[in-house]
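This report concerns only the one structure given below.
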Amino acid sequence: MELYHVINKGVDGRTIFLDAQDYARFVHDLYEFNDTSPASEFLGVAIPEMSGRTTSRHRKRIVDIHGWTLMKNHYHLLLSERAEGGITLFLRKLSGYARYFNERHRRQGTLFQGRTKKILVERREHFLYILHYLHLNPLDYLSGVKKWRERDKGTIPEIAKVLEYLKNYRWSSYLDYSGTANFPSILTKTLFDRSLGGEYVSTLKEYLMDRAMEDISPKSLEY
C-alpha cells in the first residue's frame with residue numbers, strides 16, 4: 001500500500017470555504033465521490049452522520065481516506081488506493097466541489113490552483129509525523145501558537161489549550177481519532193490506529209511536548 005499526502009488550495013490563495021455550508025459540502029463530497037459509481041450532482045450537504053439517515057445503495061470505495069483537514073483556503077488528505085487509478089479518479093470527481101462553489105457564490109473561473117499536489121509518504125519518520133501535521137494545521141487560527149511549524153521547543157505553549165482548541169475544530173479527522181464520532185463514514189482509521197496504538201490524543205500530546213525529535217522539513221509538507 002502506498003500512502004499519499006494530497007494538497008490543494010484556492011487559486012491565488014483565495015478562500016475556498018466561506019462558511020459552514022461550504023465546509024459541510026466538501027465533507028459530503030469526500031463521502032459521495034469515494035465510490036466507483038458516478039457521483040450524483042445535487043446541492044444538499046447531508047451525509048449519514050449529519051442527518052441520521054442511512055443509505056441502502058451498496059458502495060464500493062476507490063480510495064481509503066486515512067486523515068483529512070480543511071482550512072479556509074486549502075485542504076489536506078491522506079489517501080491510499082483501493083482500486084487502480086483510484087486517487088486520480090477520486091480527485092477528478094472531487095473537482096465537482098468547484099462547480100458547487102461557483103454556482104452557490106455566483107462566480108466564474110478556476111477555484112483551485114493548478115494540479116493537486118501528491119506527496120508519497122515513504123520514510124517512517126514522515127509517516128509518524130504526517131497525521132499530527134494535518135491535525136495541527138488549524139493552530140494557524142489560534143493566537144499565540146502560529147509558530148507551531150517551527151522546530152524549536154517552546155513554539156507550542158499551553159498544550160492543554162491547544163488540545164481543547166483542536167477538540168472544537170470540526171473540519172478535520174482529529175475528533176474521530178480522539179474518540180468523538182464526527183464524520184466516521186469517510187475515514188479509515190485502522191492504519192494509524194495500528195501504528196499509534198489506538199491512543200491518539202496521548203500520542204499527539206507526547207509529540208507536542210517534544211517537538212525537536214522530528215526531522216521532517218516543513219517545506220516538504222506545504223503546497
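The values are calculated or read from the model by the stated rules, or taken from the named source; none is laboratory data. As the structure is a prediction and not an experimental result, all values here were calculated from the model. So basically every Cβ, Gly included, is an ideal-geometry build from the backbone, and we count neighbours across all protein chains shown.
Just one of L30, L43 is at pLDDT 90 or above and either of a type outside the set (G, A, S) or crowded, with 18+ Cβ neighbours inside 10 Å (or both); which is it?
Values: L43 fails: at pLDDT 90 or above.
One residue alone meets the criteria, L30.
Within 21 Å of R25 (Cα to Cα) and either at pLDDT below 95 or hydrophobic (A, V, I, L, M, F, W, C) (or both): is that true of W171 in this structure? Give the steps one after another, and end with the answer.
Details: within 21 Å of R25 (Cα to Cα): yes; either at pLDDT below 95 or hydrophobic (A, V, I, L, M, F, W, C) (or both): yes.
When the stated conditions are applied, W171 passes them.
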- Query: Applying the selection to segment 174-199, what residues are free of Cβ contacts under 8 Å to residues at least 24 places away in the same chain and assigned to a helix (DSSP H, G or I)?
  - Reply: L175, D176, T190, D193, R194
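Regarding G144, is this residue at positive phi and within 19 Å of the chain's Cα centre (by Cα)? It would help to see each step written out before you state the result.
Details: at positive phi: yes; within 19 Å of the chain's Cα centre (by Cα): no.
For G144, the condition - at positive phi and within 19 Å of the chain's Cα centre (by Cα) - is not met.
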- Item | Flag for L139 being at pLDDT 95 or above, farther than 14 Å from V201 by Cβ and not acidic (D, E) | no
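Scan segment 46-70 for residues that are part of a loop (DSSP other than H, G, I, E, B) and either in the same structural domain as L191 (by TED's automatic domain parsing) or at pLDDT below 80 (or both) and jot them down.
Step one: filter segment 46-70 for residues part of a loop (DSSP other than H, G, I, E, B), giving 46-47, 52-62.
Scanning segment 46-70 gives A46, I47, G52, R53, T54, T55, S56, R57, H58.
Pull up segment 71-105, narrow it to residues that are of a type in the set (K, R) and assigned to a helix (DSSP H, G or I), then point me to the one that is farthest from the chain's Cα centre (by Cα).
Narrowing segment 71-105 to residues of a type in the set (K, R): 72, 82, 92-93, 99, 104.
Subset that is assigned to a helix (DSSP H, G or I): 92-93, 99, 104.
Details: R92: 17, K93: 16, R99: 20, R104: 23 Å.
Filtering segment 71-105 for residues that are of a type in the set (K, R) and assigned to a helix (DSSP H, G or I), the one farthest from the chain's Cα centre (by Cα) comes out as R104.
Take the residues in segment 61-80 that are of a type in the set (S, T, Y) and over 14 Å from M1 (Cβ atoms); name whichever of them is surrounded by the fewest Cβ atoms within 10 Å (Cβ to Cβ). Break it down stepwise before answering.
First pass over segment 61-80, keeping only residues of a type in the set (S, T, Y): 69, 75, 80.
Add one more test, that the residue is over 14 Å from M1 (Cβ atoms), and what stays is 69, 75.
Details: T69: 21, Y75: 27.
Here the answer is T69.
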- Pull up segment 100-137, narrow it to residues that are of a type in the set (F, W, Y) and farther than 13 Å from I16 by Cβ, then point me to the one that is surrounded by the most Cβ atoms within 10 Å (Cβ to Cβ). Y133
